[in-house]
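Presented below is the structure to which this report refers.
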Amino acid sequence: MTLPSYLEQSPAVRERFKRLKAREVILEVKHLGKVYKAAKGETTALKDINFKTHRREFVCVIGPSGCGKSTLVRILAGLESHSSGDVLLDGIPVDGPGRDRGMVFQGYTLFPWLSVKKNVMFGLEMNGMSASEAGREAELWLELVGLEKFASAYPHELSGGMKQRVAIARALVNQPRILLMDEPFGALDAQTRAKMQAHLLEIWRNIDITIVFITHDLDEAIFLADRILVLKAHPGEVQELIEVPVLRPRSAEQTTSPEFLATKARLEALIHPPEPEPLEDEQEKLVKPHMIRFVNVADNVE
Amino acid sequence: MNISSWFAVRRELSPRKQTVLGVGSFLLPLLVWCIVSYVPFVWHPMVLVSNPGDVDYFQVDMLVDKAVYNDELANMQSQGKAVPQGTAANPIYLPAPHQVAKAFYTAFTTPPESKDGNWLHESLWHSIQIIFWGFVLSSLIGVPLGILCGTYSAISRLNEPFVEFFRYLPAPAFGALMVAILGIYDGPKIAIIVIGTFFQQVLIVANTTRKLDYGLLEAAMTLGTSKLKLLFHVILPGILPELYRDQRILLGWAWTYLIVAELIGTSSGITWFITQQARYQHFDNVYAAIFMIGLLGLGGDLLLAMLGKKLFPWDRPANKE
């Protein structure tokens, strides 16, 4: 089977992108660079990153390990400083963390001493809302992620997927302009992850929220994103900003559609180029397995 | 019963086995003590004279070395005089378990030997007060300072090198100085407990604060938490269960300084009781008093541990996360 080009878009998809780009720009990253200064010298983590994200867009950032995708999202969140360039949210430069940029971490980071409901109320209360009002808001958002029955449970009583639902509700209750997600489903098992992906799309569809989603899972990126920002490592640079030609609404069946496969083939080619060998961890390069047969030749498993 | 099930490497035992072994850990030393005390041919290096015979310096109820007794016995036999009689006994400083158990009760019912002396319960209460005030005073400054050191690098860098140095200075070394400054009564005793606890406390609390998952602080910041609120709404509640555990360990530390502290200036509290009883050779009372300190310490700690479980329902030491 020959795949269509990933650049080919059906009229419906093309129409969608046109509408998307007509919306105002929420996030603009201009010539962003990050240099780490260490005793051994300087390492460039990010170099000249440029992209724009429109309101209610779903952007995935993907790249090999060491491409600085986590650094990028942490800079967007204001948790790390950048060395050069600008990050503009609604045209205003980002300076330190703030409630206008919600974040969901891979490690859940729920407050263990607070009940699920109090966790969701946390941001509102920190920003001066009264407890009763914050409680009402929190209940609403817990219902949205389907955890109203667990409002009084403590985080340690929840499964990984449920914890991440709470983390999403906790970030969204603040009504941020943009939701940053740093490999949020990386620690979940495959089944829970698929469920959470569908659920996240459901939330995104119903709420005025722009999402920047970091992942290293190609399928996840294609399934979720409008556009995929592909980074390359050493230094972290933008390779391509891919417009995903897969129709919305997305469903699990689409993972075998020609557009999906074409996009995946393109991502594969970008992230795992056949030649030269991808630059791996220095230590990884030293690992050279030398296979020896320990079983009888007749005793074949395949 | 299967022996290997008791010795699984790095695996916890069933609750029943845990209880059995826990009780056993107390019964085992008690058993050794019983054997030494009640089995006549084990140790018993002395002889309790029941009948002096013709030995002119022997008296009834006198404890003499077994060698001396045997010499005199041989002497009397060779001279054809009346031989002394006696039973094997342990030295006076090792009373039998039942004597100590009895002393445990009678120590409370016996009036003080001297007129201005204290009853045992008064002495114990005085000791508890010394510990309490020493620990509270130390914590009042040590805990907040530790948390600040763990939170702000600048405060840590300014404080911790000196604290690190000071904690190696033995607290009792300040005894004479404290008496000169604070007088001879409770002041210097409380000060010794403070000196012994405070410097460890600052370092331990600072370390506990630093161990709090930084991710929680980042999450709070992305939710719009100001720097000051981070301290009170994330760091403080976040470290509370660990801080509580630290305080329990430090309280145990404070107890170990008690005896030295009470020897400073005018001896007081349980230490005064112990030294008095030892002077009159009431060693059963001495052991009883030492055990009381142990019971108070362990009992207090168990009580605090139970309280901790109630106070911090979210805290799971077994939590793998």
Mind putting a number on the dipole of chain B about its Cα centre? Charges go on the C-beta only, +1 for Lys and Arg and -1 for Asp and Glu, and I need it in Debye to the nearest 20. 1400
Note down the nm distance, to one decimal, between modelled labels 7 Å out along Cα→Cβ at B:L311 and at A:S5. 6.9
For the pair B:A278 and A:N300, how long in nm is the line joining their label points, each one 7 Å along Cα→Cβ? 8.5
Could you state the number of Å between the C-alpha centres of region B:114-189 and region B:1-45? 37
Interchain or sequence-distant (5+) residues whose placed amide H lies within less than 5 Å of the amide H of B:N118 are none
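Summing +1 for each Lys or Arg and -1 for each Asp or Glu, what net charge is found among the other residues whose Cβ lies under 13 Å from the Cβ of A:F260?
Details: positive: A:R248, A:R250, A:K264, A:R266; negative: A:E8, A:D219, A:E220, A:E253, A:E259, A:E268.
Computed value for this residue: -2.
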Cα lying deepest toward the dipole's positive end in chain B, options B:P237, B:T222, B:M292, charges on Cβ: B:T222
Tilt relative to chain A, helix A:160-172 - C-alpha long axis, 0 to 90 degrees, to 10: 50
Between B:A82, B:A289, B:A173, find the one with the highest GNM mean-square fluctuation for chain B; connect C-alpha pairs within less than 10 Å. B:A82
Taking chain A as the reference, fit the longest principal axis to its C-alpha atoms, fit the long axis of helix A:131-144 to the helix C-alpha atoms, and give the angle between the two in degrees, 0 to 90, nearest 10. 40
Separation of alpha-carbon centers, region A:83-103 and region B:254-310, rounded to whole Å: 61
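How high is the FRET efficiency between B:D56 and B:T110 when r is their beta carbon distance and R₀ equals 41 Å, given to the nearest 0.05? Spell out each step's value before the answer.
Working: r = 35 Å, r/R0 = 0.85.
After rounding, the FRET efficiency stands at 0.70.
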Among trypsin sites (Lys or Arg not before Pro) in region B:218-321, those in a DSSP loop whose Cβ has at most 13 other Cβ atoms within 10 Å are B:K320
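Chymotrypsin sites (Phe, Trp or Tyr not before Pro), restricted to region A:198-302: which are DSSP loop and have at most 11 other Cβ atoms within 10 Å? Please report the intermediate quantities before stating the final value.
Details: sites: A:W204, A:F213, A:F223, A:F260, A:F294; in loops: A:F294.
Listed in order of number, the matching sites are A:F294.
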With a 10 Å cut-off between alpha carbons and a GNM built on chain A, which of A:E253, A:E148, A:E157 moves the most? A:E253
In debye, nearest 20, what is the charge dipole magnitude of chain A about its Cα centre with +1 on Lys and Arg Cβ and -1 on Asp and Glu Cβ, if you could check? 600
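Which trypsin sites (Lys or Arg not before Pro) from region B:1-94 combine a DSSP loop assignment with at most 14 other Cβ atoms within 10 Å?
Filter output for region B:1-94: B:R10, B:R11, B:K81.
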Computed over chain B: longest principal axis from alpha-carbon atoms vs helix B:283-311 long axis, angle to nearest 10 degrees, is 20
Estimate the FRET efficiency between A:K40 and B:W43 by the formula 1/(1 + (r/R0)^6), using the beta-carbon distance for r and 56 Å for R0, to the nearest 0.05. 0.25
Rough spin-label spacing in nm, given labels placed 7 Å along Cα→Cβ, for B:D71 and B:S14: 6.1
Under 5 Å between amide H atoms, partner at least 5 residues away or on a different chain: which partners does A:V104 have, H built in plane at 1.01 Å? A:L180, A:M181, A:D182
Estimated FRET transfer efficiency when R0 is 35 angstrom, pair A:S251-A:K30 (beta carbons, to 0.05): 0.45
Could you check which residue among A:I222, A:I292, A:I168 shows the biggest mean-square fluctuation in a GNM of chain A with a 10 Å Cα cutoff? A:I292
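Using 24 Å as the Cα-Cα cut-off, could you pick out the over-long pairs in A:K52/A:K195; A:K69/A:K264; A:K21/A:K195?
Exceeds cut-off: A:K52/A:K195; A:K21/A:K195.
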By average Cβ neighbour count within 10 Å, what is the ranking of B:131-144, A:83-96 from highest down? B:131-144, A:83-96
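Read the figures in this text as sums done on the coordinates, not as results from a lab. Because the structure is predicted, anything quoted here is derived from the model rather than measured. In this analysis, Cβ positions are derived from the backbone assuming ideal geometry, glycine residues included, and neighbour counts consider all displayed protein chains.
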